[in-house]
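What follows is calculated from the coordinates using simple rules that are stated; it is not laboratory data. Every value quoted in this text rests on a predicted model; they were computed, and no experiment measured them. Quick reminder, even Gly has a Cβ in these numbers, built from the backbone with ideal geometry, and neighbours come from all protein chains shown.
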Amino acid sequence: MKFTILDDHREVAVDAQLSDDGSVLMPISEVPAALGWERKPQGWCRGDICIPARVAEGVERDGGLVDLAAFAALVDRPYAAVPDRGVAAVGASAAERASALAEGEAPDFELRDLEGTAHRLSDLHGRKVALVFWASWCGCRYDLPEWERQHSALSPEGFSVVSVAIDRRPGDAAPWIREAAATHPALIDADGTVADRYQVLNVPTVVWIDERGRIARPNDTQFATDLFRSLSGLDSARAMAALRRWVRTDDSGLTADDVAAHAPQVTAAHQQARTEAALALWLHRAGHPVEAAEHFAEAERLAPEDVTIWRGSMPLLGTDPMGDEYFKRREALTDAGIPIYRPLPDWQGTPGE
């Protein structure tokens with residue numbers, strides 16, 4: 001049967017079969033294209049990394065087949081599947097995500113704007129960048145015009161805003177981008193690929209990236225206006241003053257050690273939740289809402305602190321993301337000691353600098 005594998009948000013079609021116990025079995029010959037590993041005499045290899053054949057014995061089956069779930073476990077990657085629907089998701093491991101962020105390089109990516117034009121983060125090397133994650137279901141949507149003003153005002157000084165809407169339906173973000181008359185790259189991360197790479201747990205989240213493509217200030221809750229200051233308790237004037245100071249003087253308010261210390265923490269539960277959410281999104285788009293809701297619920301159970309997953313799924317599931325259900329869940333997180341907003345240490349200096 002034809003089977004769809006979601007490999008870290010990349011969709012690959014393979015030939016596979018189901019065993020009597022419901023395991024997904026795929027030909028060894030299909031693994032390199034689907035998952036990037038190749039069977040060699042010494043074992044399973046990807047680049048210079050090899051897992052010895054004796055260690056990998058449990059993943060191979062008679063007839064030149066591989067048990068997909070067992071293989072994912074072997075290479076330390078989260079796995080979720082609905083075999084009867086012909087789909088399985090294999091996410092990125094916590095170690096892989098944590099290692100990439102700990103190195104301090106801003107993960108590169110390519111996303112499209114409303115017109116379908118592709119933009120790469122690396123195209124902006126040589127300029128400072130504020131990578132602004134937002135969504136139509138967040139009050140931060142009203143900040144987009146102010147981010148555009150910051151982009152226009154500071155662009156001559158070697159600065160760019162790149163906004164990334166994490167809406168699962170691009171049409172939800174479109175009116176807000178058009179209303180802001182965005183001239184900056186206003187991109188849409190409908191599959192959650194970039195939010196995963198940067199470990200975004202809620203919006204707004206802003207990451208500052210320097211001219212060399214290195215993270216100068218990691219995931220930070222920053223508002224560009226005070227419209228929702230009563231909820232967030234955050235001062236937008238201080239944030240925008242600090243942004244201008246960084247652009248003009250290179251002072252990000254954090255040392256290199258601070259940047260490393262405040263890199264997002266990645267756990268296996270986070271990555272399993274993101275894998276469940278990726279599977280749920282595929283199921284929803286394929287017209288299987290019941291199964292989609294089940295996997296969104298599992299993702300929320302695994303990582304309730306990841307607001308982007310459960311609040312981001314609300315529009316798909318027919319729940320108002322700004323209604324009573326949202327505030328009920330928000331209150332539950334607060335009661336459990338789980339922060340909604342995650343601002344970094346206070347800015348150095350004072351507003352107006």
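Suppose a student asked you for the relative contact order of the chain, using Cα pairs under 8 Å spaced at least 6 residues apart; what percent would you report?
About 15 percent, as a whole number.
Compute the long axis of helix 236-249 from its Cα atoms, compare it with the longest principal axis of the Cα atoms of the chain, and write down the angle in degrees, 0 to 90, nearest 10.
90
Round to the nearest 10 and give me the degree value, 0 to 90, for the angle of helix 289-302's Cα axis relative to the longest principal axis of the chain.
In the chain, helix 289-302 runs at an angle near 70 degrees to the longest axis.
Check Ser23: other-chain or 5+ apart residues with amide H under 5 Å from its amide H, H built from backbone geometry?
Amide H neighbours of Ser23: none.
How far is helix 324-335 tilted off the main Cα axis of the chain, in degrees rounded to 10, range 0 to 90?
Computed tilt is about 90 degrees.
To the nearest 20 debye, what is the magnitude of the charge dipole of region 2-91 about its Cα centre, counting +1 on the Cβ of each Lys and Arg and -1 on the Cβ of each Asp and Glu? If you can, show how the numbers build up before the last one.
Details: 9 positive and 15 negative charges, 39 e Å.
My answer is approximately 180 debye.
Let me make sure I get this right: for region 180-289, a, b and c are the square roots of the gyration tensor eigenvalues over alpha carbons, sorted descending. Under 1.5 in a/c it's rounded, otherwise prolate if a/b > b/c, else oblate. Which is it?
prolate
Treat every Asp and Glu Cβ in region 198-353 as -1 and every Lys and Arg Cβ as +1, leave all other atoms uncharged, and give the resulting dipole magnitude about the Cα centre to the nearest 20 debye.
320
Report the calculated FRET efficiency for Ser19 and Thr267 (r = Cβ-Cβ distance, R0 = 25 Å), to the nearest 0.05.
Here the calculated transfer efficiency is 0.25.
Simple spin-label model, 7 Å along Cα-to-Cβ: Glu157 to Asp251 in nm?
Label-label distance for Glu157 and Asp251, simple model: 1.2 nm.
Could you give each residue of region 64-72 its phi-based ³J(HN,Hα) in whole Hz, using Karplus coefficients 6.51, -1.76, 1.60 with θ = phi - 60°, and x for Gly or Pro?
x, 10, 10, 6, 4, 5, 5, 5, 4
Computed from these coordinates, which is Rg/Rh (Cα atoms, Kirkwood Rh): (i) 0.99; (ii) 1.12; (iii) 0.96?
Computed from the coordinates, Rg/Rh (Cα atoms, Kirkwood Rh) corresponds to (i).
Just tell me which aspartates and glutamates come within less than 16 Å, Cα to Cα, of Lys328; anything on the same chain fewer than 8 places away is out.
Candidates past the 8-residue exclusion: Glu300, Glu305, Asp306, Asp320.
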